[in-house]
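Here is the structure we will look at, set down as structure tokens.
The values are calculated or read from the model by the stated rules, or taken from the named source; none is laboratory data. Worth saying up front: this structure is predicted, and the values here are computed from it rather than measured. Here the Cβ positions follow ideal geometry from the backbone for every residue, glycine too, while neighbour counts run over all protein chains shown. Surface accessibility is based on the protein's heavy atoms, side chains included, excluding ligands, DNA and RNA. Shrake-Rupley method; radii C 1.70, N 1.55, O 1.52, S 1.80 Å.
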Amino acid sequence: MSAVEECASSRGLAAATALRDLAGGDAEGAAARLTEDMFGLSDEADVVLAVTVAEVAKHEVLRDPLAVKHIARALVGVIQRSIVTDGGEAVAAVRDITAITHAFRAIGNLCYEHDGNRDVVVGCGGVPIIKTGIAAVLSDPAATNRLPTALSHAASAGVVLNLATNNDPAFKACVDAGVPTLLAELCVAARSDIETVMAIRVAGLFSADSSLLTTLAERGAVAMLVTALEEEAADPDADGTGCADAATLLRQVVQEDARLVAFRPSAIEQRLRKLVDCPCLDVASTAATVYAVALADDTCLASTLEHLGLEVVLTMATEWMCRSHVTPADWDIPAAGAITVGNIARTPEQCAKIVAHENVLAALFGMVASDKSGLQYAALGALKNLAILEGNKSELVRKGVMESVEIALQSPQGALQYLAASLVRSLCLSKAAVPGVVIAGGPTFIPQLLRLTGHEEEAVRSEAIRAVGNLCRHVTEVPAVGQLLGGIPALVGLLKSEHKILVSEATLALVALVAQHHPDLAAAIQAANTLDAALECLALRTEPTLTCNVLTLVGSLGQPSVEDGARVGAALEAVAHKDPMIAEQCDKVRQILQLGSS
């Protein structure tokens, strides 16, 4: 350092020290004297100035003039000068963690509920520099830090929290710079209360970021988050607010990927089960939700069943499902019980045992019978899983599952209607179950299913017509056939739909009904002008498989009149050239209907 530089450094330190002393009694006066060009004269002066700004910026009214002077930009410069990088963002060496910590505190205070200072930080490219500063703090070169590590970690979390809260540009800048991953590292590195609280709070702000969640899980932060819940649970006056961020993070981590959670028949599993009985509802519901979702992972499920046994887990899930659910805040634990049942229903043996467990089914049916959509959704999802097993289908119908289906079909919510249609679709894969499904469904059942084929949501439409298709393929009893008669015009109408899946499934359903050779069905199909609709469909569709299905329907409708035969022949001639598969199917239809070759 030259004599001139040394003199400037001394003057800078003296001025900074005087300003700091002034701020102790006259914060407004100190703010008035602060300027951006006071920074950068010496490392020591920068530290003193950062301490001064941190104190002055605690006063809300003084953040405006400091924003105008771009003091936050000067503090970003302090961070940058305190780090030696490898030419990019990687930290090669750290000159002064103390300076970085005080700069973080100052920027955090400046940005607290102040968009002007946030704009200054984002505008000067400060977010990537702050990220590099956090990486430097995490590298923990003790020789460069004259402050407690906990304070440096808390300041690192605090600067991001105050910068990104309720400010979309700053939030996006943090995400784009990869800050959330370092926040996860802060959570893992936390060793004191202040570090843990700040790290969890800011990580909660970015809880939708997959890189943060993955890092948390891979680095074993689940145990730390569970500990935060336990500390809240131990407080007799706790209302859940103290662990809200930990609860959010824990739920998000396990929902991101249950495989990442170290969930074994040991500490975590036992601790979560115990927390479900905590009087603090937020803690209890988080523990139940995490427990249930973790069982979606095969390893977690296998180890839990090996450790506890299926009967114990089912009894626990049933108890959760029967918990009070007066308000939406109460729904999580019963829903977690249903999710647990659904996640256990993996093997034929497990599914059979669950269906044979009267209390489990009664609890699931009771949740659907409630008027609470969150509970209904969880319970229907479990019932849908249970219906996958062939041997369970008729048993579920016998035990009253169609009452749950009827409730969901009548719901105005598309998600519930989808699950109801999906459950029916699964049940009707079994020929033995179909008569019971139709009879138990009552006179409005099939019209309700057909009504859903016109639903505004594609998923609901598709699942409904697939359910109807399965129903038609396996109808063998006269009462069930009678239920279908009124729905045939609606099925024929779907041949004119613009939605491929509706046309395809309606076509296959009509083919299946024709194959029943039931006189009443045949009369209803003819009365619905099915041939006209099929020929119109052939003229409009170009997809080979779909066209072949419609041709199969035309061929199954029986010998046409002379006039209709001419129309069919012309339609075949018009489509045969579109695809070799279509041409082959046209030849089959000519042979069946004895129309002669083209």
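A 1.4 Å probe run over segment 440-598, with the rest of the protein chains in place, finds 46 Å² accessible per residue. Taking Cβ atoms as reference points and 12 Å as the exclusive limit, the residues near Gly337 contribute a net charge of -1, counting Lys and Arg as +1 and Asp and Glu as -1. Between Met581 and His499, the distance separating the two model label sites (each 7 Å from Cα on the Cα→Cβ line) works out to 2.3 nm. Using the alpha-carbon atoms, what tilt in degrees (0 to 90, nearest 10) does helix 332-344 show relative to the longest principal axis of the chain? Its long axis makes an angle of about 60 degrees. Each principal axis of the Cα cloud of the chain was taken in turn, and the coordinate range along them, longest first, works out to 112, 57, 39 Å. At q = 0.11, 0.13, 0.14, 0.25 Å⁻¹ the log10 of I(q)/I(0) for segment 148-218 amounts to -0.22, -0.31, -0.36, -1.09, computed by Debye summation with a single uniform scatterer per C-alpha, solvent ignored. From most to least packed by mean Cβ count within 10 Å, the peptides 183-190, 224-231 give 183-190, 224-231. Axis of helix 358-369 versus longest Cα principal axis of the chain: the two differ by about 80°, to the nearest ten degrees.
So what is the accessible area of segment 339-389 per residue, in Å², with the probe set to 1.4 Å?
Values: 1860 Å² over 51 residues.
Heavy-atom SASA per residue in segment 339-389 reads 36 Å².
Sort the following peptides by mean Cβ neighbour count (other Cβ atoms within 10 Å, averaged over residues), highest first: 515-528, 558-571, 353-366.
Numbers: 515-528: 15.2, 558-571: 13.7, 353-366: 18.7.
With the highest mean Cβ count within 10 Å placed first, the list reads 353-366, 515-528, 558-571.
Rounded to the nearest Hz, the phi-derived 3J(HN,Hα) couplings of segment 406-422 under the Karplus curve 6.51 cos²θ - 1.76 cosθ + 1.60 (θ = phi - 60°) are 4, 4, 5, 5, 7, 5, x, 8, x, 4, 6, 5, 4, 5, 5, 5, 5, where x marks glycine and proline.
When the solvent-accessible surface of protein heavy atoms is calculated with a 1.4 angstrom probe, in what order do Asp332, Asp193 fall, highest first?
Details: Asp332 55, Asp193 115 Å².
Largest accessible area first, the list is Asp193, Asp332.
Using a probe of 1.4 angstrom, how much of the accessible area of the chain is carbon and sulfur, in percent?
Details: 13480 of 25220 Å².
Carbon-and-sulfur percentage of accessible area, whole number: 53.
Shown in residue order for segment 101-117 are the 3J(HN,Hα) couplings computed by the Karplus curve 6.51 cos²θ - 1.76 cosθ + 1.60 at θ = phi - 60°: 4, 5, 5, 4, 4, 5, 5, x, 5, 4, 8, 4, 6, 9, 5, x, 6 Hz (x for Gly and Pro). Label-to-label distance, Ala234 versus Thr214, with points set 7 angstrom from Cα along the beta-carbon direction: 3.5 nm.
Its Cα centre serving as origin, segment 345-465 has a Cβ charge dipole (Lys and Arg +1, Asp and Glu -1) of approximately 240 debye. Comparing Val283, Leu389, Cys300 along the charge dipole axis of segment 262-392, the residue lying farthest to the positive side is Val283, per the Cβ-charge model. Against the empirical 2.2 N^0.38 Å (N residues), segment 438-488 has a Cα radius of gyration ratio of 1.11.
Between Asp277 and Ser303, what length in nm is gained on full extension when 0.36 nm per residue of separation is reduced by their alpha carbon distance?
7.1 nm
Place a +1 charge on the Cβ of each Lys and Arg in the chain and a -1 charge on the Cβ of each Asp and Glu, then give the dipole magnitude about the Cα centre in debye, rounded to the nearest 20. Mind dumping the intermediate values first?
Details: 44 positive and 70 negative charges, 277 e Å.
Dipole size: approximately 1340 debye.
Amide H contacts of Ile83: Arg95, each under 5 Å away and 5 or more positions distant or on a separate chain (H built 1.01 Å from N in the peptide plane; Pro and chain starts excluded). Between helix 179-189 and the chain there is an angle of about 70 degrees, using the helix long axis and the longest principal axis of the Cα atoms. Average accessible surface for segment 158-212: 39 Å² per residue, computed with a 1.4 Å probe over protein heavy atoms with every protein chain in place.
Pull out the extension gain between Asp168 and Ser561, defined as 0.36 nm times the separation in residues minus the alpha carbon to alpha carbon distance; nm, one decimal.
Values: separation 393, 0.36 × 393 = 141.48 nm, distance 6.96 nm.
Here the segment from Asp168 to Ser561 would lengthen by 134.5 nm.
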